[in-house]
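Contents: one structure, followed by commentary.
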Amino acid sequence: MTFGSILIGLALAIIVVLALARPFMTPPPINRLPSKRRQLLIEKEQILDQLNALDFDFDTGKIPDEVYQPQRERLLQVAEAIFKEMDTLKPKRRVAAVNNNTTAARDVDAEVEAAIARQRQQPRTAVAKSTAVDQPATRQKGNFCPQCGAPADANDIFCVNCGHRLLASQPA
C-alpha cells in the first residue's frame, strides 16, 4: 500500500468517528428537556407498565393474592395522584384555542340556522305558480288517455304512461 491510500483511509475513519460521536457531544436543546407534564407522562406510563406486569404475574400464579392486592392498590393510588396532577397542569393556550373553535362553530351553526329559517319563511306560492302555469299551457282540457286515464298533451301521439295510440281515438 502507498502512503497516500493510508492517509485517505485514516481521514475517512476520523470523519466517521466524529459523525457518530456528534450526538453524544452536543447538549440537548432546551425545548427537549423534560417539563413537568412530560415527566408526569413518563411516570404514568411506568405505573401502567408496572400494573400490567403485576396483573400478568397474578394471572399466571407467580404472586399470591395477599401480595397482589396491596401492591395493586398502592399502584392505583399513585396513578390516581399522577392523573390528578396532570389535570391541574392542563395548558391554558389549548383551552383558549378550543373555546375559539367552538365559538366559530357556534357562529357557523347560527348562520346555517338563520338561512334555513329564511328559506322556510319564503312563500311557496312562487314555486307552485310556476308549475301551475306550465301545466295548463301545455295541456288542454279533456286530453286524457282513453286506456289509462293519464293526462296527455294535444300534440302527443302515444300515451306517456301506457303507450296507447292517442291520435286514432281522439278527434283531429
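Of note:
- Residue in segment 54-65 that is touching an Asp or Glu at 6+ places or on another chain (Cβ under 7 Å) and either outside any helix (DSSP H, G or I) or without any contact (Cβ under 8 Å) to a residue 24 or more places away in the chain (or both) present: yes
- The requirement of being surrounded by 10 or more Cβ atoms within 10 Å (Cβ to Cβ), modelled with pLDDT of 90 or more and either within 27 Å of Ser35 (Cα to Cα) or basic (Lys, Arg) (or both) is satisfied by Arg74.
- Any chance Val112 is under 31 Å from the mean Cα position of the chain (by Cα), modelled with pLDDT under 90 and more than 30 Å from Arg38 (Cα to Cα): yes
The values are calculated or read from the model by the stated rules, or taken from the named source; none is laboratory data. Keep in mind that what you see is a predicted model, and the values were worked out from it rather than measured. Counting neighbours? That spans all protein chains shown, and the Cβs are built from the backbone with ideal geometry, glycine included.
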